[in-house]
1. Keeping the other protein chains in place, figure out the carbon and sulfur percent of the accessible area of the chain, with a 1.4 Å probe.
2. Would you check the accessible area of I253, probe 1.4 Å, heavy atoms only, in square angstrom rounded to 10?
3. Heavy atoms of the protein only, probe of 1.4 Å, neighbouring chains included. What is the accessible area of D340 in Å², nearest 10?
4. Calculate, for V297 and I420, the FRET efficiency according to 1/(1 + (r/R0)^6) with r their C-beta to C-beta distance and R0 22 Å; round to the nearest 0.05.
5. Return one number: the angle in degrees, 0 to 90 and rounded to the nearest 10, between the long axis of the Cα atoms of helix 437-451 and the longest principal axis of the Cα atoms of the chain.
6. Rounding to the nearest 10 and keeping the result within 0 to 90°, find how far the Cα-based axis of helix 366-375 lies from the longest principal axis of the chain.
7. Roughly how many whole Å is it from the C-alpha centroid of region 469-486 to that of region 1-67?
8. Please enumerate, by chain and number, the lysines with C-alpha under 20 Å from the C-alpha of K314, excluding those fewer than 8 residues away in the same chain.
Amino acid sequence: MQILQVSAEYFPLLKTGGLADVAGALPQALLPLGCEVRPLLPGFAAMLDGLDEPVEVGRCLTPWGQPLRLLRGRLREPAGGPQAGAGIPAYVVDSAELYLRPGGPYETPDRQPHADNHRRFAALCWVAARLAEGFDPSWRPDLVHGHDWHAGLVPAYLAAAGSRVPCLFTVHNLAYQGLFPHADYAGLGLPAHWFQLEGLEFYGQLSFMKAGLYYADRLSTVSPSYAREIQSPEFGCGLDGLLRQRQAVLSGILNGIDDRVWNPLHDPHLPVNYGSDSLELRAGNKAALQAELGLEVRPELALFTVVSRLTEQKGLPLVLAGCDALVRQGAQLLVLGSGDRALEAAFAAKAAQHPGRVAVRLAYDEALSHRIFGGGDVTLVPSRFEPCGLTQIYGLAYGCLPLVRRVGGLADTVTDADLITLDEGRASGVVFDRMEQGDFDQAVRRMLALYRRPADWRQVQQTGMRQPLHWGDAAARYQALYRAMLVGDR
Ligand code: ADP
């Protein structure tokens, strides 16, 4: 089975969130199942740098007359992993004009969306459809798998071309929709009459996300709970009606953990490697982390941590408002994150208020994130909504117990510790229900009570670390879905 995977991010080359982790893990995870997955990526500098042995497949003009080159090569794999060096074949859309510029993949240096984002990602989608129609004579996909709004126009371009190649569209976060003014639609090469309710129009705007949801043959999202939630007005971001209509072709497949990158037994970022049978070794990581971040080096203080984009979605005002109580109860807080300026300033102020007890690193730092999971005691993820969430999964795998809200993938991956789940050996963290300060503070108190019971704490750590959340399971589900689509059950 030959699959073209379309995404804007790819770990280890370019990552702003969980999308990159998934796009980077799936091709390798599907390989043993007989699926050859080739990523197609936009030609950001990081993608071009990570493409080994590039050759030109061909040149073309987009519908609006932009010249492009399509490159094929092999993608550099995560350092240290067993496949390192044996990168998988991939395609990169090369256009300096579209992709090489200062700022992030989606935003300018002053955090405004690039004005031509509709063209930058339409070009990616348009090339995907060309590849499906045989643009590379040496390889042609049986199916195209697009991820998030950046790939939303893939099924639209396939439909416009009358292609018989089916398309799966996966939602990683429905809140980011790729909305553009009506005027931007002209020139993209799609039929004018598709700009309507029964098409890719969304309240007068062009919606890449809606295009994906409307035109793809099958839809998936990254957890069973989120698949249900997005069919409700509360989580549907205005698209719940369409998602209810398409319920029969929508599945929820939980993300896995990439064992090559996230395994405390051989994680090269950790001062001390450990496993579920040698948890006492974590103490060395904790002490090193406390020292590195200027926290009091005291093993008895529970170290609560946050590794996150700093956005409204992640429920961080609860952490801010709960911080003083957390410190009063003899715990520490360590935050690694960047994003919303007001949240950044508020966390920095908390660190200034509680020296030695609260530390904040306003940055994106992959290596530090590993050291945090490997040395911290608690991973806080009190999200408003969470499609899957990876940080709580990393927390589980590293014995850094997750404290999460019961929503989306968080609800699907963490089992609340109570007397029954402890007794049955199922408890893997602390889960609270409502997005309210009292509920969060109570969850912190329960976590601290558990921390004071070392035998139970260790059992909960071990339960999480032994929980099978590997990519193999998710890959098998994707493979079954691909197979169903290819036997005509689109
Ligand atoms: P989202 O995709 O909504 O940001 P996920 O939990 O699915 O949330 O994935 C977030 C990914 O980004 C995880 O791999 C997490 O470790 C990583 N991450 C988030 N913020 C940072 C940061 N400041 N430094 C390093 N890694 C980060």
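1. Exposed carbon and sulfur together represent 53 percent of the surface.
2. The accessible area comes out at roughly 10 Å².
3. About 70 Å², rounded to the nearest 10.
4. 0.05
5. For helix 437-451, the angle is close to 60 degrees.
6. Roughly 30 degrees, rounded to the nearest 10.
7. 19 Å
8. Cα-Cα hits under 20 Å: K15, K350.
The values are calculated or read from the model by the stated rules, or taken from the named source; none is laboratory data. Keep in mind the model is a prediction, meaning the values are calculated, not measured. We place every Cβ from the backbone using ideal geometry, glycine too, and count neighbours over all the protein chains shown. To get the accessible areas, we keep the full protein, side chains included, count just its heavy atoms, and leave off ligands, DNA and RNA. Shrake-Rupley method; radii C 1.70, N 1.55, O 1.52, S 1.80 Å.
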